Amino acid sequence: MKSRKLLSVLLALMLVLSLAACASGDTGKTGEGGGAASTGGAASSGGTGNTTSPATTLDQPKQEVVESASKDVNVVVGLQVDPASFAPFAQSNTGRATMMFELFEQLFSYSEFGGEFLPWVAEGYEWEDMTLHITIRDNVYDQAGNHFTANDIAFMYKLYGDLGNKAALKYIDDIKVVDDTHVDFLMNTQNVTVMYSTFNSVPCFTKAAYEASPDGFATTPVYTSQYKLADYVGGSYYVLEKDENWWGNALPESERHPYTAGNASTVRYNIITDNSQMAIALETGVIDLANSVSASEIGNFLGGDYTTATLVTNPSYYLSFNASENSPCSDARIRQALAWSIDNQEVVDITLEGAGEVAYTVGGNMYANVTDELKAAGAADLYGTDIEKAKALLAEAGYPDGIELHIMVNSDATMGKAVQTIQLQAARAGITLKIDQWDSALFDTYRSDPTAGWDVMMTVRGNSSGYVQAVWNGLFTLGSTPSGNAVFLKDDYAAKAAADCEVLLTLEGNTPENVMAFYRQYFLEDCYFYGLYCTQNYYAAQPGINNIRISNVSNVLPSACSFTEDYKSVAD
Amino acid sequence: MKKSIKAPRETSFVIFCRRFKKEKAAVACLIIIVLMALACYLAPLIAPYAYDEINSKALHQLPSWQHIFGTDDMGRDIFSRILYGGRYSLAIGVLATGLGVLVGAIFGAIAGFFGGKVDMIIMRIFDVFQALPSILLSILISSVLGAGFTNMIIALSVGSMVGYARLLRASILSVRKIDYVEAATAIGCSSARIIVRHVIPNAMTPMIVQATMGVAQQILGAATLAYIGLGIPAPSPEWGAMLSAAKDYIRTYPHMLVFPGVMIAITVLCFNMIGDGVRDALDPKLKD
Amino acid sequence: MLRYILKRLLWMIPILVAVTVLIFTIMYFVPGDPVRIMMGANAEEAEVEAKREALGLNRPYYVRLLDYLKDVFFHFDFGNSLVDGSSVTKTLLSRFPRTFLIAVLSTVFAACIGTPLGITAATHPNSLRDRLAVFFSLVGVSIPGFWLALMLVILFSLKLKLLPSQGIGSFAHYILPCLSAGFMTIALQTRQTRSCLVEALREDYITTARAKGVVERDIVYKHALPNAAIPIITHLCGAIGGKMAGNLVIENVFAIPGIGQFLIRSINNRDYYGVQGAVIFFAFILCVMNLITDVLYAYADPRIKAQFEDSSKRKKKAEAGEESAA
């Protein structure tokens, strides 16, 4: 008996001791570190509450290059998606998008959405008819010490194609290396998105380094950037360390790309997939900066010491119809009926709890050519809500007593909520929507199959080049699915739509009037696609970071944030 | 004049009921389950709201008189959703177990009866299936079949089939050796009679106990599958799916998490206690 | 004894081969295209087709299966993940320690907490202690593990701010995951210990021992418990093997980079090689744990041990007899 009691007491002691051990070892700081009370520049939004939007004004955070103090600055960032691979052409996700501008360098890059296209590793470019002459800097070295030359550029693009990718090669006919610092891209088009398509997704690396890598840079990346990968635990964290030998240190201030501020000595990204865990981590001092704070959690960080920022992101959520003969949605009136019954603002209120903006087309309001005129036209037409009209259209199409349609969506929780809201709204007009929620793998398979049993689907699309017609191009191009364009049409009409969209991309065709005309025809009259909303991202950081820099793909750039004099990281 | 005296024969079922009634806790749990099942069945009458009634003005409300368990992130009444959700959870638990018992029993019976090569092959196949953890098997089958009510039942039952098969096979093997079966064969009882009168009743006991606990396990399994997103598509109010939706709000609105979890725990607890009671009531070693 | 172990190890090979074929076939039928996911929804059909060809996914079933079997069993190479191109073998090996640590720790918790509870309950039948232990164990097997995990996070991480809520790093990071993972095992362990010990205490030899005047403590620890130990040990060892995969959801909740998290990610991305590799790995571990369980079983139970020794002693006698006869 006694020994048993002793055993249980010992166990209890063990438990208590281990609890005490971790209580002392835990860095249980709340975010009241820095004494700097100023939250200069960053857009703090006021107001909390469930249904009202927390941010009514959207201040873009300051985007200029800010040098920091000379001491070591460490940043711990909470990141919601694991990049999974550091290979140059691996599948893109939010995690990769975050490290894209710290671990990678491009030849040219936008500094913000719809902003200027600035040279980075390259020095400049010049168009001569269909030839793009590119000059690169001659002092570029990668982290292994290899000299980066034009030959490496040719290698990069060849590798891109060899690995089965096509998007960046779309406009390139050939690449000719002139000498070490000059290369000619022979293009087949010149339009508003040529530069973006060609250079945005191809980071710079040398042939020598790539061939020396055992796994194609997947876990052992060697790029030309000023941060190198110091440590990586898949699914858990990765650490970037500043490289003192970075070639760009020799550049004068004025020539450095805004993303290369290099204010941090080390950046550690902790992978935190849960929204609530992310907020907990920031509050309990586990991270300095959160790449994403959900709308329901941001209330805890507003109006206090924390630095916050917000941005309406460019991915557009929209409905896409199945216009093949397998579905009643081949009749435009049915598509319009559904469009009339949807109240976009209600969807935003319920699904996003106000953290988002209504979209009047596929492409949010931040895109060029989404003018007030376009928005007004949309609001007056399909994007308004008129249940009677919807019912009338249904009756006209031969369904006076209503119709049952299948709506498909992937497993994303937010999109699921949106579809449920739409289901309720459609029911008001007599449209019964049956929800088919598939996980991403299945969803992606079904979306290119007109016989898969769906009539309308909800999905998302975006393009950081800044032009709404670039987003549309993907919708109307005839190669999206084996059956034609994204709504499964490939007749003459569809071909005309694709051609008209291509015209919008050209330098001469890129006018608001042309865009308006296209919009009226294919969005309002034909209603092949119906825009829903764009989401609003929130970012938060400890007070020691007084400006949160956000890249043009809507993720934070910790090394370009500005830090106060007495900034102290949670890692210190 | 001779009177033939016939002692009244108590069927084993009656004996079982008598002994089960003595297990107070188990009886109480049985009553709870019956009441729960009734409430869920009558959900359309009892529930104050529809389970998919979205209300943009009443998001995330804490429990109040209007919403006994509060509302979720889309303004739906949690109490109503729990009532409707109970139908799914209870049905899935019972049906998945039933399917597992049925298929498992068939294979176990074949293996037990025919013995020899057939038995060996079937046993090896069991070994292969049992080399995979059952939750894993359920997840994989669920990925193949997709979401949906019947698919979930099939996916969940696959993991448990081998267990029941082995149980039945073991019972049959042990019974085959018992003398009275040999004796029955000797006096010419047909195989069918042996099976029905002797083998099955003895084999049933462990199966019943296991099945009752199995329902509990399947309800948990269904919740787990729903939590990772392989459950019945939205807006189904399945309890596991409600937990999955609540996990983003554990800081701000923990009530969304508490109620479905407690319901699952209570249901599973009751089934486990009933299983315990059944086992004790059927245990021949316990004196009456 | 050794021969038994060898025989079991040899048996493992065909079982693992069968598991490989099974999981390969299941993944073959899983709908959904990993290449589509890799390339993103907006990629064009031609691109996707080209990539699929480059990855060798267009070859017929048998070709791919045989190739895969060859790779796994002759080269121990599980292929490259379709998600990030890294070696699946390396990933599994690097993630294994964490999953294993949680499985072992939670089982240790179970043994340390569950066994004494079970003993207390068994030695004081129908007392308050007994009833509480029974109730606690029943509650323990009824609570969904992931729900308990979330509730513990709310209590210990949010309200009390004592423990970290996710990730790895220090010992403290492992407490909540092991507790939530082990809770059900603790409860089962209590039940097992209690019922086995109750059974053992009812045996006639215990009555004899009592009659002889043996101290109650010795009765429990020297006579009853060793006999009850067998199913208890079996349960514990089996628990470790089953828990490795069973902790998938816990790993997800606490963002622990173990094999379970890898498996879920692979399933979601239809990463054939990732899923197959992880499943075969789990099956392998399970088989090994089963073998260890059976061996321990044999050592713990002198009757079974004698069986093995008998057969080898008999053989030796026969050989000696032959020699002397020759």
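The values are calculated or read from the model by the stated rules, or taken from the named source; none is laboratory data. Model, not experiment: these values are computed from the prediction. Note: ideal-geometry Cβ built from the backbone for every residue, glycine included; neighbour counts use all protein chains shown. Quick note on the areas: whole protein, heavy atoms, side chains included, nothing else; ligands and nucleic acids left out. Shrake-Rupley method; radii C 1.70, N 1.55, O 1.52, S 1.80 Å.
Computed from the Cβ-Cβ distance with R0 of 30 Å, the FRET efficiency linking residue A:502 to residue A:428 stands at 0.20.
Over the range C:94-263, Cα pairs under 8 Å with separation of 6+ residues give a relative contact order of 35 percent. Modelled spin labels at residue C:90 and residue A:245, positioned 7 Å past Cα toward Cβ, are 2.2 nm from each other.
For the range C:182-231, the average shadow cast by the Cα convex hull is 3.4 nm², which is a quarter of the hull's surface.
By its C-alpha gyration tensor, with a ≥ b ≥ c as the square roots of the eigenvalues, how is chain B shaped: rounded for a/c under 1.5, else prolate for a/b larger than b/c, else oblate? Since a/c reaches 1.5 but b/c is at least a/b, the shape of chain B is classed as oblate. Accessible surface computed residue by residue for the range A:312-535, with neighbouring protein chains in place and a 1.4 Å probe, gives 33 Å² per residue.
Computed over protein heavy atoms with a 1.4 Å probe, the accessible surface of chain B works out to 48 Å² per residue. Quantify, in whole percent, the carbon and sulfur part of the accessible surface of the range A:312-535 (1.4 Å probe; protein heavy atoms only). On the range A:312-535, the fraction of accessible area on carbon and sulfur atoms equals 49 percent. Straight Cα distances below 17 angstrom link residue C:212 to the aspartates and glutamates C:203, C:204, with same-chain residues fewer than 8 positions distant left out. Accessible surface buried at the C:A interface totals approximately 4000 Å², computed with a 1.4 Å probe on protein heavy atoms. Take every Cα pair under 8 Å whose residues are at least 6 apart in sequence, average their separation, divide by the length of chain A, and the relative contact order is 23 percent.
In units of the compact-protein estimate 2.2 N^0.38 Å, the range C:94-263 shows a Cα radius of gyration of 1.18. Taking every full run of DSSP H in chain B, the ones that stretch at least 15 Å from end to end by Cα along their long axis and average -0.5 or higher on the Kyte-Doolittle scale are B:12-22, B:24-41, B:78-114, B:116-130, B:134-145, B:149-177, B:200-228, B:255-282.
Rounded if a/c is under 1.5, else prolate if a/b is larger than b/c, else oblate: which is the protein assembly as shown, with a ≥ b ≥ c the root eigenvalues of its Cα gyration tensor? Taking the square roots of the gyration eigenvalues as a ≥ b ≥ c, the protein assembly as shown is prolate. Of interest is the spacing of the C-alpha centroids, which for the range A:457-507 and the range A:358-431 amounts to 20 Å.
Contact with the other protein chains removes 50 Å² or more of accessible area, compared with the isolated chain and a 1.4 Å probe, from these residues of the range C:31-75: C:31, C:36, C:37, C:41, C:42, C:44, C:45, C:47, C:51. Comparing the full protein assembly with the isolated chain, the residues of the range A:256-287 losing at least 40 square angstrom of accessible surface (1.4 Å probe) are A:274, A:276, A:277, A:280.
Overall, the accessible surface of the range A:124-268 at a probe of 1.4 angstrom is composed of carbon and sulfur to the extent of 47 percent.
What is chain A by shape, rounded, prolate or oblate, if you read a ≥ b ≥ c off the alpha carbon gyration tensor as root eigenvalues and call it rounded for a/c under 1.5, prolate for a/b larger than b/c, and oblate otherwise?
Oblate, because a/c is 1.5 or more while a/b does not exceed b/c.
Between chain B and chain A, the total buried accessible area stands at approximately 2000 Å², from heavy atoms with a 1.4 Å probe. In the protein assembly as shown, the DSSP-assigned H stretches of four residues or longer account for a calculated mean residue ellipticity at 222 nm of -16500 deg cm²/dmol, using -39500 (n - 2.57) per stretch and the full residue count as denominator.
The range A:312-535 gives an Rg/Rh value of 0.93, both radii derived from C-alpha positions and Rh following Kirkwood. For the range A:141-184, a decrease in accessible area of 20 Å² or greater in the assembled protein chains relative to the isolated chain, with a 1.4 Å probe, applies to A:163, A:164, A:165, A:166. The amide H of residue A:531, built 1.01 Å from its N in the peptide plane, has A:319, A:361, A:362 as neighbours under 5 Å, considering only residues 5 or more places off or on other chains.
DSSP assigns beta bridges within chain A; of those with both partners inside it, close to 75 percent run antiparallel. Take the accessible area of chain C alone and of chain B alone, subtract that of the pair, and you get about 3500 Å² summed over both chains, using a 1.4 Å probe. Using a probe radius of 1.4 angstrom, the carbon and sulfur fraction of the accessible surface of the range C:94-263 is 67%. Projected onto their three principal axes, the Cα atoms of chain C cover extents of 86, 80, 32 Å, largest first. Using only Cα atoms, locate the centre of the range C:185-207 and the centre of the range A:204-237, then give the distance between them in Å, rounded to an integer. Cα centroid to Cα centroid, the span is 57 Å. Averaging Cα coordinates gives a centre for the range C:16-65 and one for the range B:120-173; these two points are 25 Å apart. Solvent-accessible surface of the range C:11-164, taken per residue with a 1.4 Å probe and all protein chains present: 43 Å².
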